[in-house]
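For reference, the structure discussed in these notes is given below.
The values are calculated or read from the model by the stated rules, or taken from the named source; none is laboratory data. Quick caveat, the model's predicted, so the values are computed rather than measured. Virtual Cβ from ideal backbone geometry, glycine too; neighbours counted across all protein chains shown. Side chains are part of the model used for accessible areas, which takes the heavy atoms of the whole protein and leaves out ligands, DNA and RNA. Shrake-Rupley method; radii C 1.70, N 1.55, O 1.52, S 1.80 Å.
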Amino acid sequence: YAKQADGNALRFFDPQMLAEVEQRFDLEQAMSKALTEDQFMLFYQPQITDSGQVIGVEALIRWQHPERGMISPAYFIPLAEESEQIEAIGGWVLQQACQQLQNWQTKSLFSALSVSVNISVRQFYQPDFIDLLAGLLQQYQVNPALLTLELTESLVLTDLDDAVHRMQQLKALGLRFAMDDFGTGYSSLSYLSRLPFDEVKIDQHFVRQSSDGKKTRDWAIVDAIIGIANTFDMALVAEGVETEAQRELLYNSGCFCFQGYLFARPQPVAEFEAWLSSRDLNR
Ligand code: C2E
Ligand code: MG
Ligand code: MG
Ligand code: MG
């Protein structure tokens, strides 16, 4: 291999990299087993208004690996996306979310909760995505207005025309859309005006820079995001709210709905239900 001067062959024998490739391969193998062996679960994190009302939850996938313990979605979702397993995993997430909505329909404390689900690029553009959702809404008798699909900027910018087209088809089913992590990508007025989003989520990066509750230079971006959302009549949710000072600063800037550790961490459904029930009794 030493004859090849481009360095690729040499790099192949780097034990560090070989270990990484092996680990990744192992994980991809393990991921395909995880679905059939029931190792995935959804955690739920509430979204709360300034008056203390819980209006919805974000469903966040967790992978409880028998040997490795809990694996973060920030790590395995990108791998799932590359290895095309995201269609199966993402389909499972949607099915679970719809089943949960159906379950909550029958409980008075939970019947108005909306559920937000993260959708990745490959999943969104899979040919039968619209049929899949129509089927799930039908199967679980879900009120589509209670199901929100969270899309990222990079997803919609993959092909703006196609994204608009697909979103319109899905909106025809009655679903809602949230723009996730807004402000971190290529945010621009011109494209947001073309896309039928119902909600904008302010990325936690912007929320976090103001840990002492004072406006930083970057807070101008938050003010701009809030202005954009109001202009287009979109709901606003701030992510990653950890301190009362952050909540207050957001409130004073015109954002009245929050998600973050200040209120609750993502938790399994039973814990979330207990949390919400006890909260309501305390009020
Ligand atoms: P995201 O959609 O932006 O989700 C918000 C992330 O912020 C979650 O991380 C949540 O646990 C975390 N978070 C919430 N409040 C706070 C806070 O106050 N402080 C801090 N430091 N963090 C907070 P998580 O659950 O690890 O998920 C990471 C990302 O993985 C998500 O970011 C989303 O992009 C992706 N993801 C999660 N579940 C799914 C899924 O079912 N499908 C797809 N495609 N992606 C998913
Ligand atoms: Mg999200
Ligand atoms: Mg987010
Ligand atoms: Mg994110």
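Odds and ends about this structure:
- Of the peptides 55-64, 222-231, the ranking by mean beta-carbon count within 10 Å, highest at the top, reads 55-64, 222-231.
- Model label sites at Thr216 and Glu22, defined 7 Å from Cα along the beta-carbon direction, differ in position by 4.1 nm.
- When the chain is treated as a Gaussian network with alpha carbon springs shorter than 10 Å, the biggest mean-square fluctuation among Asp218, Asp203, Asp26 belongs to Asp26.
- Helix axis angle, 86-105 relative to the chain longest principal axis, alpha carbon, degrees: 20
- Compared with the direct C-alpha span, the chain from Ser154 to Ala88 gains 21.6 nm at full extension, assuming 0.36 nm per residue.
- For Leu189 and Leu79, a Förster radius of 45 Å and the Cβ-Cβ distance give a FRET efficiency of 0.85, rounded to the nearest 0.05.
- Angle between the chain longest axis and helix 160-171 axis [Cα atoms, degrees, rounded to 10]: 50
- With contacts taken as Cα pairs under 8 Å at a separation of at least 6 residues, region 107-231 carries a relative contact order of 21 percent.
- Of Arg166, Arg194, Arg247, the one that fluctuates the most in a GNM where the chain has Cα springs shorter than 10 Å: Arg194
- Gaussian network model of the chain, Cα within-10 Å springs - most flexible of Ser72, Ser114, Ser51: Ser51
- With Cα atoms, 0 to 90° folded angle of helix 15-36 axis to the chain main axis: 50
- Taking only protein heavy atoms and a 1.4 Å probe, the accessible area of region 177-269 is 49% carbon and sulfur.
- Protection proxy ranking, highest mean first, for peptides 145-153, 129-137, 257-265: 145-153, 257-265, 129-137, where packing is the per-residue count of other beta-carbon atoms within 10 Å, averaged.
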